[in-house]
1. Here are ILE132, ILE138: which of them is at pLDDT 75 or above, among the hydrophobic types (A, V, I, L, M, F, W, C) and over 19 Å from VAL17 (Cβ atoms)?
2. Out of all the residues in the stretch 41-65, which are at pLDDT 90 or above and among the acidic types (Asp, Glu)?
3. When both residues are 6+ apart or on different chains and their Cβ atoms are under 7 Å apart, which pairs have a first residue that lies in the stretch 36-49 and is under 13 Å from GLU110 (Cα atoms) and touching a residue at least 60 places away in the same chain (Cβ under 8 Å), and a second that is of a type in the set (Gly, Ala, Ser) and part of a helix (DSSP H, G or I)?
4. Give the residue, chosen from LEU101, LEU161, LEU155, that is among the hydrophobic types (A, V, I, L, M, F, W, C), part of a loop (DSSP other than H, G, I, E, B), modelled with pLDDT of 75 or more and surrounded by 12 or more Cβ atoms within 10 Å (Cβ to Cβ).
5. Filtering the stretch 1-41 down to residues that are outside any strand (DSSP E or B) and basic (Lys, Arg), which residue is nearest to TRP165 (Cα to Cα)?
Amino acid sequence: MLVTFTRGVGRRYRVGVARESDPAAAMHVAPGFDESLPYDLAHFLVEREFGLQLGIFGQLAAGGDAGTFWCAPAARSAKLAHRAHRLRVAGRGDVGRSEQLTAACVAAWEIQAGRRQPGEVWSVRVLHDAAIAAPAQIRHVIDVFNEAASDWQALTPGESLHFEWPESLTLRRPRRLRTA
């Protein structure tokens with residue numbers, strides 16, 4: 001699955017998803033704009049680096065919509081809607097973990113970059129509550145954020161960054177057993 005983050009004009013960006021065997025999906029007016037690193041890009045990187053199979057992007061790779069992405073009306077079907085619902089239910093734990101990890105990694109990244117003070121109540125609470133990752137893992141994600149942020153900041157409106165979702169993190173749909 002190829003995920004494309006496209007910089008828009010002003011405080012806008014969009015996220016597009018191209019999948020091999022499912023319709024393309026998109027989020028056109030993505031929330032969480034940050035001049036340095038959009039929140040959805042941070043989510044993607046966290047889910048990839050922590051191996052979350054049923055976070056937002058894992059659900060998309062498995063054929064779902066994560067409740068926030070849309071397919072073209074011609075590509076929508078009851079079968080896809082049912083699959084998306086099942087993935088959202090099954091993925092609640094990974095989505096929650098993704099939210100916690102993303103908040104913790106973004107807070108740590110902003111502290112390192114001098115955008116937040118280490119003693120700020122929000123940062124301290126997030127880092128304390130999200131003690132669900134080893135400090136080395138968070139430091140690794142901060143390095144990944146720094147690289148992505150550098151690439152993102154170099155974009156002009158209409159330009160994009162492309163990321164491949166790891167095949168190893170994509171849940172495969174079981175083949176139905178055939179009866180003779």
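1. Details: ILE132 fails: at pLDDT 75 or above.
None of the others qualify; the one that does is ILE138.
2. GLU47, GLU49
3. Final answer for the pair search is SER36/ALA149; LEU37/ALA148; LEU37/ALA149.
4. Numbers: LEU101 fails: part of a loop (DSSP other than H, G, I, E, B); LEU161 fails: part of a loop (DSSP other than H, G, I, E, B).
Of the residues listed, the single one that is among the hydrophobic types (A, V, I, L, M, F, W, C), part of a loop (DSSP other than H, G, I, E, B), modelled with pLDDT of 75 or more and surrounded by 12 or more Cβ atoms within 10 Å (Cβ to Cβ) is LEU155.
5. Here is the first cut: in the stretch 1-41, the residues outside any strand (DSSP E or B) are 1, 8-12, 19-24, 28-41.
If we keep only those that are basic (Lys, Arg) as well, we get 11-12, 19.
On the way: ARG11: 25, ARG12: 23, ARG19: 10 Å.
Among residues in the stretch 1-41 that are outside any strand (DSSP E or B) and basic (Lys, Arg), the one nearest to TRP165 (Cα to Cα) is ARG19.
The values are calculated or read from the model by the stated rules, or taken from the named source; none is laboratory data. All figures in this text were calculated on a predicted structure; none of them were measured in a lab. Using ideal geometry, Cβ is built from the backbone for each residue, glycine included, and neighbour counts are taken over all protein chains shown.
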